[in-house]
1. Quick one: grab the alpha carbon gyration tensor of the range A:99-140, order the square roots of its eigenvalues as a ≥ b ≥ c, and give me rounded if a/c is under 1.5, else prolate or oblate depending on whether a/b is larger than b/c.
2. Stretched out fully, how many nm does the piece from residue B:209 to residue B:190 gain, at 0.36 nm a residue minus the Cα gap?
3. Suppose every Lys and Arg Cβ carries +1 and every Asp and Glu Cβ carries -1, with no other charges. What dipole size does chain B come out with about its Cα centre, to the nearest 20 debye?
4. Dipole magnitude of the protein assembly as shown about its Cα centre, charges +1 at Lys/Arg Cβ and -1 at Asp/Glu Cβ only, in debye to the nearest 20?
5. Defining a contact as two alpha carbons under 8 Å apart and six or more residues distant in sequence, what relative contact order in percent does chain B show?
6. Could you check how much of the accessible area of the protein assembly as shown is carbon and sulfur, as a whole percent, using a 1.4 Å probe?
7. If a/c stays under 1.5 just call it rounded; otherwise compare a/b with b/c (prolate if a/b is bigger, oblate if not). Do that for the range B:523-652, with a ≥ b ≥ c from the square roots of the Cα gyration tensor eigenvalues.
8. What lysines could a cross-link reach from residue B:545, if we take a straight Cα to Cα line under 16 Å and drop same-chain neighbours fewer than 8 places away?
Amino acid sequence: MKKAGIIMIIGSLLLLGLFKFPLWNIVLGAPQYPDPLGMDIYIQGIQGVEEFDIQNIDGLNHYIGMKTIPKVEDMWEFSVFPKVIGLMVALGVIIGLLGFLGKVSYKWFLGWFIVMSILGLLGMYDFNLWLIEYGTDLDPKAIMKLLNPDGTPMTYKPPLLGYQKMLNFDVDSWPATGAYMIFAGMMLTVVAFFVGRYEYKKKVKTEPILKPALA
Amino acid sequence: MKRTINILLALVMVAGLVSCNDGGNKKSKRGNQGGLSSNAAERVYVAPGEHDEFYAFMSGGFSGQLGVYGLPSGRLLKVLPVFSQNPENGWGYTEETKPMLNTSFGFVPWDDSHHPDISQTNGVLDGRWVFINGNNTPRIARIDLKNFKTEEIIEIPHSAGNHSSSFITENTEYVVAGTRFSVPIPQKDMSIKDYKGNFKGSLTFIKVDQETGHMDIKFQLMMPGFNYDLSHPGRDKSHGWFFFTTYNTEEAHTLLEVNASQNDKDFIAAINWKKIEEYVNNGGGQKVPAKYAHNIMDENTHTATSTMKTEVLQVNPMDVPGAVYFLPTPKSPHGCDVDPTGEYIIGNGKLSADLTVHSFTKMIDAIENKKFDGEAYGIPILNFEDILAGVVKQPGLGPLHTEFDDKGNAYTTFFISSEVVKWKVGTWEVIDRQPVFYSVGHGMIPGGNSRKPFGKYFVALNKITKDRYLPTGPELTQSAQLFDITGEKMELLLDFPTIGEPHYAAAIPGDMVAPNSRKIYKLAENKHPYASLSDSDTKVVREGKEVHIYMNMIRSHFNPDNIEGVKVGDKVYFHVTNHEQDFDVPHGFAVIGANNAEMLIVPGATETLVWEPKEVGVWPFYCTDFCSALHQEMQGYIRVSPADSNIGLSWSLGED
Ligand SMILES: [Cu+2]
C-alpha cells in the first residue's frame, strides 16, 4: 500500500491550499463598473479582489439595506473552518502514513473522504445560509425598497453557484483556486482508496496465506 | 506708418499670388477638404468605449490652462488648471491650491500659457511630466502625468514675457525660460529711451530633479538686450547645446514692427549649456539678489506651499569663453527647431521668403576654426555662409514653426500664406503643401520635439477660425486641424475646436501614460493636517474668530450635516475629506454666499474652502457633482447666529 499511502498524503496536503487561496469568488459587474467589484472568500475571512472592493460593495449595498460584508471577528466560521481543515489535513496525512506503513486498511481512505464530504456539504449549507441571511435580512430603513413582480419585497441573495442578474448587476459566484484544490485533493483520496484496494488484491493473490491475518 | 501699410499691402498681394499659383481659389478647394473622397471619417472615429491613440497637451493660451485632447478624435479629455484659477474644481480658490499662484507680484490668478513640452529620457518621450510656461508673469509649471495635476510652479526673476520657454533637454536635465522682453536687470527707474545697451535679456536654466521633478534655477545667462523669441534644445549630436531665436537685434524701443525689422539678419543664439554648467559647478557665476516664488504641491497633504527665494546665480557669457555664439539668421526668425538627428537648426525668418537651415557640424567647425564675422557685445558672430546647411527656397510666406516626422521630412507652418509645407530635410525640396483654415501658428507632430517622432499625425494650431464651425458671435474658439502624414501628401482629416489660444502642443502615445494614471488617492496616505480620516475625526473647532470644520463625505452624505454655533463675522474653514476609494467618484462642495468658488474633492483628498457668513440664518451647503442616486440628498445646513450670540458649537449627523 505504499503508492496508495503516498497519494492519500498528497491528496490531504492539497487541502492546505485553502489557507493560501480563496475558496469562493463573487464578482459584481455593471456598466458603470468596467472594472467589476469582487470578493474572495477565504476560510479565514473575506477580502476584496482589489484593495477597496469591499468598501465599495458595502457602499452600494447600503442603498438596499444589506449589512456590510462581515469582518473576521463577525463570523465564528472564520475561526472554526481553519481548525477543521487543519484537523482534516492532519488526519488525512496520518491515515496516509499508516496506510503507507501497512498499519491500516485502504478503507480508511474512503472513510476520510466520506467524513470530508459531509463536512464540505455542511460548509456549503452554512455558506448558503449566510448568503440567504445576508441577502434577505435587510435594514427596514433601507433607502431603496424594491418589490418583485408578485409584490413581495425583493431580496438580494447572491447565487451559491453560477450567474444571476441582480438589478443592474451581473453577479457571478464560482469556486476559486482553493475549492479546486480541495476537489483535486479529495479526488486523490478516492484514487488512493482504489489504488489501495488494487494493491491489496494483488498482494492477496501473491500471498494468499497472509490473507486471514490481515482480515 | 504709411510705410507699414505698404509693407502689409505687399504681403497680402504676394499671399494672393502664392495661393493662386497653388492651384486656384481656396473657396473651391475647401469643398474637397475633409476627405470626402477618402475615408477620413473612419480614420478619426474612435468607437464608443475605445480610447484615442494619443494624448495631445495643447496650451490654453490666454486661458492660462492646459487642454488635454485625444487624437485622432480631437475630443477634449480634460482642462488642466495651471496658471489660472478654475472654479470648476476650486483650483486657486481653495486654501490648499492658493499658494500655487503666489508670485513675487503677489497672487496672480491668470497667465498666458504657451509651450508645453513632455519630459524625455535619452531624447525619447517618457511620459513623466509636462512642463509649460506662463508668459506674462514669468513662470514654469510642471504637471505630473500620474496625477494629471499641476504640482509645481517656479517663478522666473529678471525675466519678462517668458516666451522662449518651456523647452527641455533630452534627459530633462534642464527646462529653459528665455525672456522675450529685455528689461533693466536689476529693475530700476530709468528712461525707456536708454534701452539700447542697458537692457538685458536673461536666459534661465532650471535644473530638474530626476526623482521628484522638482525644479530649481541653476543659472541665468545675462544676454544682450534683444528679444529672445523661441528656443530648442540640441538633440543627439547637438545635445549639450540650446538654441534661441532673437529679434530686435536693433535694440529698438518704439514702433518695433518697423524699427525691429531693419536688420537683414538677426541671430540664433547657440548656447553650450554643458560648458556653462561646468563653469557653475566649479563655483563660477555671481549670486545676485532676486525675488521669486517656488510653489510645490504635496501629494500626501494635498496642500501647496509657496517659498519666496531671494537670490539667483547670474552668468555673464563673457566669463565663459566658447559657451555662446550668434548664428546670423535672416529677418526676425520666430521658430527655432532642431531636427531629430540634432544636425539641422531651422530658423524660420518670419519676414524672409526663404527658410534658413544651419548645420550643427559646420557650426562646430566654424567655431573650432574661429571663422567669425565680428561680434556683438563680445559674443562671436559666426559667418552666415560657413554654417549654412541649406535653404528651402520660396516655400511660402511668414514661416513660423517646423516639426519633423520619422522619415526625414519637415513640416513648416506659414502664417501669412496660411499653409503647411512639407519638405525634405537634406535636399530642401518642397514635397507637399496644404492650406489650413486659417493662419496657422505652431504645428505639432507627436514626439516631434524629440529624437523619435511618431510621424502619423500633424496638428495645425490655427489662430483664426472664421467660418469653420457654427458661429458663436464675434468671439470664436480657435481651430485645430488634424492631418494624416503617413503618405507622401498630407491629408486633412479633422477640424476641432480648442480652448484659449492653443499656441503649441505636445503629444504622446496613450499607452505611455494611461497605465500609470492615478485612480484614487489612498485615504490611508492622506497627511492633510485637517483631514478627517474616520467619522470620529469629524469636529468643529473654534479658534477665536476662526471656525474649523473637519468634515468628511461619502455617497451620499456629509458628516456632519448640521452645524450650529457659527456667528456673523466668523471666518469658517470647511476642511472636507472625500472618503470614497473608488475611481471617478469626486464630490463637490458648495455653500451659499461663498465669495470664492466651489470645490471638487477627488477620492481620498482633503480640500479647504473659506466662507465668511455675513448674515444671520440657516444656510445650506450641498454636493455639486452628481455622484450617486441620492446626490440631491447630499446636503446639510450651517446655522449662523448674531455676532454676540452665546450659542455654542454643535454638530450632528443622522439624529432625529
Ligand atoms: Cu456627492
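1. Prolate shape, in that a/c is at least 1.5 and a/b is the bigger ratio.
2. 3.0 nm
3. It comes to approximately 1700 debye.
4. 2160 debye
5. Taking the mean separation of contacting Cα pairs over the length of chain B, I get 11 percent.
6. Answer for the protein assembly as shown is 59 percent, counting heavy atoms of protein chains only.
7. prolate
8. Counting by Cα, and skipping residues close in sequence, residue B:545 has these lysines nearby: B:567, B:571, B:614.
The values are calculated or read from the model by the stated rules, or taken from the named source; none is laboratory data. These numbers come from a predicted model, not from an experiment. Heads up, the Cβs are rebuilt from the backbone with ideal geometry, glycines too, and the neighbour counts pull from every protein chain shown. Heads up: the accessible areas ignore ligands, DNA and RNA and are worked out on the full protein's heavy atoms, side chains in. Shrake-Rupley method; radii C 1.70, N 1.55, O 1.52, S 1.80 Å.
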